[in-house]
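See structure below.
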Amino acid sequence: MINPNISKEPKMIFSMFKDYGPEILFNNSSIDEAKSLTLVMSGMTLVEMNQDAKGRVDGSKNPKMLGPIPVPDMENLKAIAIPFETEITSSTDERIQEAGYRLCVAYLIFEGSAVREVLDSYGLIEPYFAMIARGLSKEDKINAASIKKVLTKMVDMLQGNIPRIFTVNPDGTMKELIGKKLEYADTYLICDFIKNKMNILFYNPSMDIWRRREIYKIASEFNSSRFRSALRINTVDDIKEMGDLLDLLNIEITPV
């Protein structure tokens, strides 16, 4: 989560490798065309050096985030690059025709002071972007409006406007859950940054007292280490209250 107290709203530069080279399709940042193109070129060079970073937003392989990358001649700004391949609509380049896909790179631009907060969300950015960007899986679906829609959702997530959901594994480690349909777990930690609350849903009604104590301790330590104890912890045992909370967030839980 980017802390809105120290960071302005992230911006985006979105590029696609066309038949004639990289083209910027969207840029709502203050970075001028020359510096933006230099950033795009350096980012695409990084992608070529890290082929495993390229993913697809059709659900088959999540893209890998690269960076933070310095923005040319703007020391106060950093960028992270999210590269993915989109299915081509048409191409005159034989190599692209044969591959069937062309490279896109989305650059999230943020103030350098937000580096720590972005890195805290590193594991969330990749799967979340892959989930919300599925409308960009084909070239003819990519335009300023569809890119802006993805950016709006990314900003909501990064600034804490969307709750983050975790579960506690049997070995005591934390696992973040992504999407509207969650895998079954005995406990869910729903972190609501608007209300500054961490709701602990003890979803298994047969849970013994030792497991409950362990989860509460882990949740408290997690709140301290990850969120600087900014969230008030609230335990939820009542089935109806759990159902109402999940309905409000439009979340389903997969049956056992």
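The values are calculated or read from the model by the stated rules, or taken from the named source; none is laboratory data. What you are looking at is a predicted structure, and each value in this text was computed from that prediction instead of being measured. For neighbour counting, all protein chains shown are included, and Cβ atoms are generated from backbone atoms with ideal geometry for every residue, glycine included.
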Can you tell me which residue is surrounded by the most Cβ atoms within 10 Å (Cβ to Cβ) among those in the stretch 131-142 that are at pLDDT 90 or above and part of a helix (DSSP H, G or I)? Leu136
Does Glu117 satisfy being closer than 28 Å to Ile31 by Cβ and either charged (D, E, K, R) or not assigned by TED's automatic domain parsing to the domain that holds Lys35 (or both)? yes
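Quick check: anything in the stretch 183-196 surrounded by fewer than 17 Cβ atoms within 10 Å (Cβ to Cβ) and farther than 30 Å from Arg134 by Cβ?
Looking only at the stretch 183-196, we keep the residues that are surrounded by fewer than 17 Cβ atoms within 10 Å (Cβ to Cβ), and these are 183-184, 194-196.
Okay, now just the ones that are also farther than 30 Å from Arg134 by Cβ, so 196.
Yes, there is a match, as at least one residue in the stretch 183-196 is surrounded by fewer than 17 Cβ atoms within 10 Å (Cβ to Cβ) and farther than 30 Å from Arg134 by Cβ.
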Flagged pairs (Cβ under 6 angstrom, 6 or more apart or on separate chains; first in the stretch 91-119, over 18 Å from Asn50 (Cβ atoms) and without any contact (Cβ under 8 Å) to a residue 60 or more places away in the chain; second of a type outside the set (A, V, I, L, M) and exposed (fewer than 14 other Cβ atoms within 10 Å of the Cβ)) are Gly112/Asn76
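Would you call Leu201 crowded, with 18+ Cβ neighbours inside 10 Å, within 20 Å of Asp156 (Cα to Cα) and of a type outside the set (Phe, Trp, Tyr)?
Details: crowded, with 18+ Cβ neighbours inside 10 Å: yes; within 20 Å of Asp156 (Cα to Cα): no; of a type outside the set (Phe, Trp, Tyr): yes.
Criteria not met by Leu201.
Of the residues in the stretch 123-173, how many are of a type in the set (Gly, Ala, Ser) and in contact with a Pro (Cβ under 8 Å, 6 or more places away or on another chain)? Walk me through how you get there before you give the answer.
To start, the set of residues in the stretch 123-173 that are of a type in the set (Gly, Ala, Ser) comprises 123, 130, 133, 135, 137, 144-146, 160, 172.
Imposing the further condition that a residue be in contact with a Pro (Cβ under 8 Å, 6 or more places away or on another chain) reduces the set to 130, 160.
The total comes to 2.
With Ala106, Ala99, Ala145 as the choices, which residue is among the hydrophobic types (A, V, I, L, M, F, W, C) and surrounded by 17 or more Cβ atoms within 10 Å (Cβ to Cβ)?
Values: Ala99 fails: surrounded by 17 or more Cβ atoms within 10 Å (Cβ to Cβ); Ala145 fails: surrounded by 17 or more Cβ atoms within 10 Å (Cβ to Cβ).
Step by step, each of Ala106, Ala99, Ala145 is checked, and only Ala106 is among the hydrophobic types (A, V, I, L, M, F, W, C) and surrounded by 17 or more Cβ atoms within 10 Å (Cβ to Cβ).
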